[in-house]
2 protein chains.
Amino acid sequence: MAGKRSGTLVIIGGAEDREGRKEILNEVADRVGRGKLVIITVGGGKKGDESLDEYEQIFRTLGVPHVYKLAIASREDARSGKAERAMDEASGVFFTGGDQLETMSRIGDSLISTRVHEIYAAGHVIAGTSSGASIMSETMLIGGNSDESSKIRGSLQMAPGLGLLKGIIIDQHFAERGRITRLLGAVAQNPAVLGIGIDEDTAMIVENHQRRFTVCGNGAVYVVDGKEVTYSNLSAEMQDETLSVYDVRLHVLSRGHQFEIKERRPEMVEAEV
Amino acid sequence: MAGKRSGTLVIIGGAEDREGRKEILNEVADRVGRGKLVIITVGGGKKGDESLDEYEQIFRTLGVPHVYKLAIASREDARSGKAERAMDEASGVFFTGGDQLETMSRIGDSLISTRVHEIYAAGHVIAGTSSGASIMSETMLIGGNSDESSKIRGSLQMAPGLGLLKGIIIDQHFAERGRITRLLGAVAQNPAVLGIGIDEDTAMIVENHQRRFTVCGNGAVYVVDGKEVTYSNLSAEMQDETLSVYDVRLHVLSRGHQFEIKERRPEMVEAEV
């Protein structure tokens, strides 16, 4: 089992810089090195194809020699010979944005899912932005929340993800879409899970057998730790209610800050000046 | 000094129900009782006048016998004989929404401000919604934040308020406008201050010499307690940076929950079924 969880996850809150320094995408490219990167978009139609073309262009500019584009429209696509050839000998996978529920309905329990786990276990990089970030965890937050209220109902819909990242639930576009409540609700529902909200143009880079992550990009990563929670009103009967929860520990981490996942402790790394 | 801080503050996050049960406005009306309520709007022009008419109508329906409307357009208005007569023998004051900075620039250090403090110290109720909530504290959050990011700059502009509520900084329209970051920034800047975010159609009712508040309405009240903060990057030179802060304690309180302000502890009160 030593090989498990030995790669790197680059989990991006969406809308990462694609025109300037490309700080985050550069972190991905660095880790792919001279290998082969597969860019996967699911169910995006013409927009998905454009997105593939844009990322291909960027990763080539960033020095990745082998970029393979893979558009998945159906479950059949996710089991096809084309998909198999795409994933063959890949040393990096990048999931574009889209819809996390649609993505999992296409690639869940497929050849792609199996290969992504194998590539990660072999020590390579798996990256995803926006919905591509949400699918990294075992359970992902989906839909709802359009009214940005503190109501439990609607804001707390979940579904199974790829399960690469253990014991953590991810939310993206975090400050931009005011999503603290649904992340608090998810943590109140299961305080064993760490809630992590990632701003746009911001990423958490998970390394070292998932013992630690580092923040990069322009925004912040919010860590919601429920292990000291003394009360919450989450229960099946309370779906109509407004959330109440006491004693959440919250950390806000910007570029360069690290977090020890098992110890649940943030750590400032000396900035290079 | 026993008479100081002996009244009630009803601090409303904006957009309180004015057509249904009117739960929050009823709490205000109950506390005015058979007395005189002064509704104050500042600088709102025609919209402010309409707002005054609407609230007058509602408070009359809720059984307040004496409702006095006061529109303040200038600092002169705030010192006029009309304002003096309005405040005379009032047993309640209600501030409508508007702009908190404009409001304080008109009524700061005026007869109205002095009278509001006297009415509160005499044991009566002072209420305010939206910007009328923000002005309750000694320091209020103003403007900025339109981009809902985790950047410190722009999100952390402050100005002096009425100063009725001690040691607490208020933000309103809280979940609806995704304002957790600016409240976290305010608390990181001065952890002695308790940060409180109030959702729309939600109020905190501060009583018992400001020892305690109770939540009413449909949304939640967020309490951001910085007393255990171990690190933050707030400083004059960091205005361009993204916020970082470790070990914030966060409570989310819905209807009926209480908070002991001095002890900084939430408390669930048994619901009446």
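The values are calculated or read from the model by the stated rules, or taken from the named source; none is laboratory data. Small disclaimer: the values here were computed from a predicted structure and weren't measured. FYI the Cβ positions are ideal-geometry reconstructions off the backbone, even for glycines, and counts take in every protein chain you see. Each accessible area value is taken on the protein alone, full model and side chains, heavy atoms only, with ligands, DNA and RNA left out. Shrake-Rupley method; radii C 1.70, N 1.55, O 1.52, S 1.80 Å.
Okay, here's what the table says:
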| quantity | calculated |
| --- | --- |
| Among (1) out of contact with any Lys or Arg (no Cβ under 8 Å at 6 or more places or on another chain); (2) at pLDDT below 95, the one test that residue B:24 misses | (2) |
| Residue list for region B:239-254, restricted to those being modelled with pLDDT under 95 and surrounded by fewer than 24 Cβ atoms within 10 Å (Cβ to Cβ) | B:239, B:240, B:241 |
| Selection count, region B:167-201, where residues are within 14 Å of another protein chain (Cβ to nearest Cβ) and either in a helix (DSSP H, G or I) or within 18 Å of residue B:100 (Cβ to Cβ) (or both) | 23 |
| Pair list, Cβ < 9 Å and 6+ apart or interchain, from region B:41-60 residues that are within 13 Å of residue B:73 (Cα to Cα) to residues that are aromatic (Phe, Trp, Tyr) and open to solvent by 50 Å² or more (accessible area, probe 1.4 Å) | none |
| Failed criterion for residue A:10 (all others in (1) touching a residue at least 60 places away in the same chain (Cβ under 8 Å); (2) in a loop (DSSP other than H, G, I, E, B); (3) not acidic (Asp, Glu) hold) | (2) |
| Some residue of region B:209-231 being within 7 Å of another protein chain (Cβ to nearest Cβ), surrounded by fewer than 23 Cβ atoms within 10 Å (Cβ to Cβ) and more than 19 Å from the chain's Cα centre (by Cα) | yes |
| Counted residues, region B:43-67 - those being assigned to a strand (DSSP E or B) and crowded, with 18+ Cβ neighbours inside 10 Å | 1 |
| Residue satisfying all of: in region A:197-220; of a type in the set (A, V, I, L, M) and touching a residue at least 60 places away in the same chain (Cβ under 8 Å); nearest to residue A:247 (Cα to Cα) among these | A:198 |
| Scan of region B:68-112 for residues that are open to solvent by less than 20 Å² (accessible area, probe 1.4 Å) and hydrophobic (A, V, I, L, M, F, W, C), ordered by number | B:70, B:72, B:78, B:83, B:86, B:87, B:90, B:93, B:94, B:95, B:107, B:112 |
| Residue match in region A:78-98 (condition: over 25 Å from residue A:35 (Cα atoms) and within 20 Å of the chain's Cα centre (by Cα)) | yes |
